[in-house]
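The structure appears right after this line, and notes come after that.
Just so you know, all these numbers are worked out from the coordinates, no wet-lab data involved. Because the structure is a prediction, the values reported are computed rather than measured. Cβ atoms come from the backbone with ideal geometry, glycine included; neighbour counts cover every protein chain shown.
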Amino acid sequence: MTWSETDVASLASISEKIVIDVREEDEYVSGHIPGAINIPLSVFAESFVEIPHAATVFIACQVGGRSARACEFVSQQSEYSSTQFVNVTGGTGAWILEGYDIVVGNQPS
């Protein structure tokens with residue numbers, strides 16, 4: 001299975017989306033993409049089953065490295081064979097630099 005990449009402008013243009021933020025909890029709490037669910041990369045291998053089953057799932061981190069590793073891992077899991085995983089290049093850092101709204105705190109929205 002494979003995964004793909006997109007930029008924050010493309011992500012922002014999608015109204016209904018599932019976003020997984022793989023940054024650590026303190027990073028997530030300080031500001032994240034609205035609606036993003038936090039599953040830190042440090043516990044991702046044990047917790048990826050929390051990812052909703054959907055046609056497409058976007059994975060973000062601060063700049064795109066950790067999220068690429070998460071995409072690589074989860075795209076190889078048989079229970080997600082019908083899900084397309086998409087790495088958000090530039091991550092939350094680019095999201096903020098582009099001026100998109102963020103959510104502060106430990107809740108997705």
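Is the shape of region 1-46 rounded, prolate or oblate, going by the alpha carbon gyration tensor and its root eigenvalues a ≥ b ≥ c, with a/c under 1.5 for rounded and a/b larger than b/c for prolate? Intermediate values should be presented prior to the final figure.
Working: a/c = 2.26, a/b = 1.26, b/c = 1.79.
Taking the square roots of the gyration eigenvalues as a ≥ b ≥ c, region 1-46 is oblate.
Starting from the alpha-carbon convex hull of region 51-109, give the projected area averaged over all orientations, in nm². Each step should come with its number before you reach the end.
On the way: hull surface 17.8 nm².
The orientation-averaged projected area of the Cα hull of region 51-109 comes to 4.4 nm².
Given Ser13, Ile33, Ser47, which one lies farthest toward the positive end of the charge dipole of the chain, if we put +1 on the Cβ of every Lys and Arg and -1 on the Cβ of every Asp and Glu?
Most positive-ward Cα: Ser13.
With no solvent and one point per C-alpha, what does the Debye sum give as log10 I(q)/I(0) for the chain at q = 0.10 Å⁻¹?
Listed by q, the Debye log ratios stand at -0.23.
Under a 10 Å cutoff between Cα atoms, tell me which one of Gly35, Gly90, Gly99 has the largest fluctuation in the Gaussian network model of the chain.
Gly99
Suppose only helical runs count, i.e. DSSP H with n ≥ 4. What mean residue ellipticity at 222 nm does that imply for the chain under -39500 (n - 2.57) per run, divided by all residues and rounded to the nearest 500 deg cm²/dmol? Can you show the working numbers first?
Values: 5 runs with 32 residues, N = 109.
Computed mean residue ellipticity for the chain: -7000 deg cm²/dmol.
Only four residue types carry charge here, +1 at the Cβ of Lys and Arg and -1 at the Cβ of Asp and Glu. Report the dipole size of region 1-66 about the Cα centre in Debye, rounded to the nearest 20. All intermediate terms of the calculation are to be shown ahead of the outcome.
Numbers: 3 positive and 10 negative charges, 38 e Å.
It works out to roughly 180 debye.
Multiply the residue gap between Ser109 and Ser78 by 0.36 nm, knock off their C-alpha separation, and tell me the result in nm, one decimal place. Show your work: numbers first, answer last.
On the way: separation 31, 0.36 × 31 = 11.16 nm, distance 2.96 nm.
Contour length minus Cα-Cα distance gives 8.2 nm.
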